[in-house]
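Q: So that we are looking at the same thing, I have put the structure below in structure tokens.
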Amino acid sequence: MLTFLGRRILTAIPTIILISIFVFSLQHLLPGDPILVMAGEERDPEVIAALREKYRFNDPVPMQYLAWAGNALQGDLGISLRTQQPVLELIGEKLPVTIQLAVMALIIAILIGIPAGVLSAYKKGTWIDWVANITALSGLSVPNFWLGIMLILLVSVKLGWLPASGYVPLTEDPLQSIRVMIMPAFVLGTAIAATLMRHTRSAMLSVLKSDYVRTARAKGLQERVVLVKHALRNALVPVVTVITLLFGELLAGAVLTEQIFTIPGFGKLVVDAVFNRDYAVVQGIVLCTGIAFIFMNILADAAYRILNPRMSQQ
Amino acid sequence: MHMLKTLGLAALLATTSSLAQAQDLKIGLQEDPDVLDPDQSRTFVGRIVYASLCDKLVDITPELEIIPMLAREWEWNADGTELTMKLQEGVTFHDGEPFNAEAVAANIDRSQNFELSRRKSEVQSITGTEVIDEHTIKFTLSAPDATLLAQFADRAGMMVSPKAAGEAGESFGLNPVCAGPFKFKERIQQDRIVLEKFDDYYRADEINFDTVTFLPIPDTTVRLANLRAGDLDMLERLAATDLSSAEADDGIKVEKATSLGYQGITINVANGAGAENPLGQNAAVRKALSLAIDRNALNQVVFEGAFATGNQPFSPTSPWYNPDFTVPERDVEAAKALLAEAGFPDGVTVEIQVANNPVQTQVMQVIQSMASEAGIKIELAAKEFATLLADQSAGDYTASQVGWSGRVDPDGNIHQFMTTEGGINDSKYSDPEMDRLLDEARLSTDPAVRKESYSAAIAKQQEDMPIVYLYHPVWIWALDKDIKGFEPYPDGMIRLHGVSIEE
């Protein structure tokens, strides 16, 4: 297992370097000039010249990249052009927020998606299956931003049950933190739950048809044991792959959800940074997201091996 | 488990008891401010935070008169090249450092010479500062500068602690130290900026809050929802379309002030190849476009009539407005006649770029439909703002729907746009007579003389029309009904002196 993990981590390094080169060059292809944005409404030519010099915008792009990469290797991802805050510090500030949102959303998605998938596979063709499918379809079709605004209007404005937006750190006030986060996590989670439900359902359907399930039933095992212990465990292998892939979707969905609920996380940071052409911040975030994504994939591969020990022997 | 319960209970008690004692004011902002250093900062919302954090040398009244703040009185010498200010005594910065003439001199030096300063052009007329005594400072100017006091009423006049600024350098904005009613406590980017009452503030008796928290909430619907839910006490820039619903809400009251800024269509008249088209080459076509627009209808359709129509850099309520040219009524026939006279009887086609947000896009769609009736076919190019700005600055555009947030002194709304060397003259409009009039207006401190120059400049602008002015935004604040003492200002700032919550 350890050699496996070590090998996977080593092969990830070139990918990370490629990601950073891509993002750096793509940003410079974006129309719009960060210095013009930074110079303010007056756009004083003297100020513009000073800023260009200061932030090395006069250097050729490859030189700018090398300077950035050199600093990044020493753990310095630069500063935000907009607020002067170090990028690494910003990421450290925002990462826990988005992770909390993503984890809560994932928990909600798993709690809804997997049981619903199992149930609708087991009750295939009945009204339960239909209701689950229609709900899943609407979960997929309803846009995040619409559901978010509707929930704010209903739950916060009309009923006054939950705060409409904002963020409280988990360490400061755990209860309030979860209260604030539950609505956005729900909005983000439902879309994922639908995908998860569909995949669990089809995986369960194929597993339920297999010989060993028939054998298990023939042995006289309780239906619950057959379903959960025998069928679901095997059906979960493809579902875990989906969950890993959904992690990317979660991060993408977090961008929108964080905008609506004004959650100061990664997504909001990246959107604001793109609009302000805050290159160092965009670069830092994409790099971190890339690393996180690769890490999730490595974890998924490790999880397969735990769920299905035969895979490690190959 | 037991431990957890106890902790939870303690936390609950702590929050409820702190609620009972500390008076906190929560203000919803439309954007997250940029760096909190008055010399580096560039955003409007940043200035809203400064109104509570950093006192200025002078302030304005809602009628735009300059009044004392950190400078208690001042006088000009006869030819307007020397300004002597007497400063408030007994004022300290948030770090305990004294505010005095030395500190003012250091601040001017920082605005002029700090590598990252965005204030350089605002204080460029100052050639020297002289500390007369502890609380008297004299500024020597290269030439008379009527705009200087107004600059001192904004970021260039905000005093930061020279000691803190010297120590922090570029990163001063991460922990700003000023001399305002509140001191900086913490900031979580895109989430909140918290200020706490500065006990040694020289006007502490006017301040009724222990903390003030600024929460950036860009979505106007969510911002209003937060106010309704009681999570905010006040918000700035309520959407005009939400005005009637907010006014109908018993728990909310609404305050308004016509802004100092404007929105218009800047036309490329000589900025490279983009100017080579009927609109750029022919003032008659520009005037036809202006006449084709029903500004009242535009205001009604997009802003429910809440904004102010306009046709000049100053709003019709401003003392600098030239009443000889009132906001024109729509006249499609006259517009067609102008086009025919200019040699375009079959009409013209022009491309206008617009920021890709819903409101500005709607503004341009209304204008597009109005103009088409007069034979001006508008093709809209929706661009993200940073791109629009870069294209406009590079001359890579025909016409651009943009605006200006406005300045206290009239000079700030016109000089930089209409003079040949103006830094933001993206039209590249150039006229020696206009240059002379606007330079003259800058040199005199006599309002009557200035008014005459501005009136003549506006007459000229109506003739050449490098910018077609459309409307003046109105600042709309929505407040919890228990907030007392709030006064709306045309600069859009939130001044907390004398504001309180009374239940």
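Q: What is the dipole size for chain A, taken about its Cα centre, with +1 at each Lys and Arg Cβ and -1 at each Asp and Glu Cβ, in debye to the nearest 20?
A: Magnitude of the dipole: close to 2080 debye.
Q: Using a 10 Å cut-off around each Cβ, can you sort B:LYS460, A:LYS229, B:LYS26 from fewest to most neighbouring Cβ atoms?
A: In increasing order of surrounding Cβ atoms, one gets A:LYS229, B:LYS460, B:LYS26.
Q: What is the dipole size for the protein assembly as shown, taken about its Cα centre, with +1 at each Lys and Arg Cβ and -1 at each Asp and Glu Cβ, in debye to the nearest 20? Numbers along the way, then the final one.
A: On the way: 67 positive and 99 negative charges, 1215 e Å.
Dipole of the protein assembly as shown, to the nearest 20 debye: 5840 debye.
Q: Would you mind checking the radius of gyration and Dmax of the protein assembly as shown based on alpha-carbon positions, in Å?
A: When restricted to Cα atoms, the protein assembly as shown yields Rg and Dmax of 30.4, 109 Å.
Q: Could you give the angle, 0 to 90 degrees to the nearest 10, between helix A:174-208's Cα long axis and the longest principal axis of the Cα atoms of chain A?
A: So the inclination is approximately 50 degrees.
Q: Quick one: dipole size for chain B, taken about the Cα centre, charges +1 on Lys/Arg Cβ and -1 on Asp/Glu Cβ, in debye to the nearest 20.
A: Working: 42 positive and 79 negative charges, 164 e Å.
The dipole magnitude comes to about 780 debye.
Q: While we're on this one: Do any GluC sites (Glu not before Pro) in the range B:101-190 lie in a loop, going by DSSP, with at most 13 other beta-carbon atoms within 10 Å of their beta carbon, and if so which?
A: In loop regions of the range B:101-190 (DSSP not H, G, I, E or B), the sparsely surrounded GluC sites (Glu not before Pro) are B:GLU115, B:GLU134.
Q: Helix-only estimate, please: 222 nm mean residue ellipticity of the protein assembly as shown, summing -39500 (n - 2.57) across DSSP H runs of length 4 or more and dividing by its residues, to the nearest 500.
A: Only helices count here, giving -15500 deg cm²/dmol.
Q: How many Cβ atoms of partner chains, on average, are near each residue of A:253-264 if near means within 10 Å of its Cβ?
A: Average neighbour count from other chains, rounded to a whole number: 3.
Q: What does DSSP give for chain B in terms of the percent of beta bridges that are antiparallel, rounded to the nearest 5?
A: Just about 75 percent of them are antiparallel.
Q: Is the C-alpha gyration tensor of the range B:262-472 telling us rounded, prolate or oblate? Criteria: a/c under 1.5 is rounded; beyond that, a/b larger than b/c is prolate, otherwise oblate.
A: It is rounded, given that a/c, with a ≥ b ≥ c, falls under 1.5.
Q: Ok, one more. Could you pull out every residue, at least 5 positions away or on a different chain, whose amide H is within less than 5 Å of the one on B:ASP55? Hs are placed 1.01 Å off N in the peptide plane, and Pro or chain starts have none.
A: Correct list: B:MET159, B:ALA179, B:GLY180.
Q: Considering the protein assembly as shown, which cysteines have no disulfide-compatible partner, defined as another cysteine with its Cβ under 4.7 Å away?
A: A:CYS288
Values in this text are rule-based calculations from the coordinates and carry no lab data. These numbers were taken from a predicted model, which means no experiment stands behind them. Every residue, glycine as well, gets a Cβ built from its backbone with ideal geometry; the counts of neighbours run over all protein chains shown.
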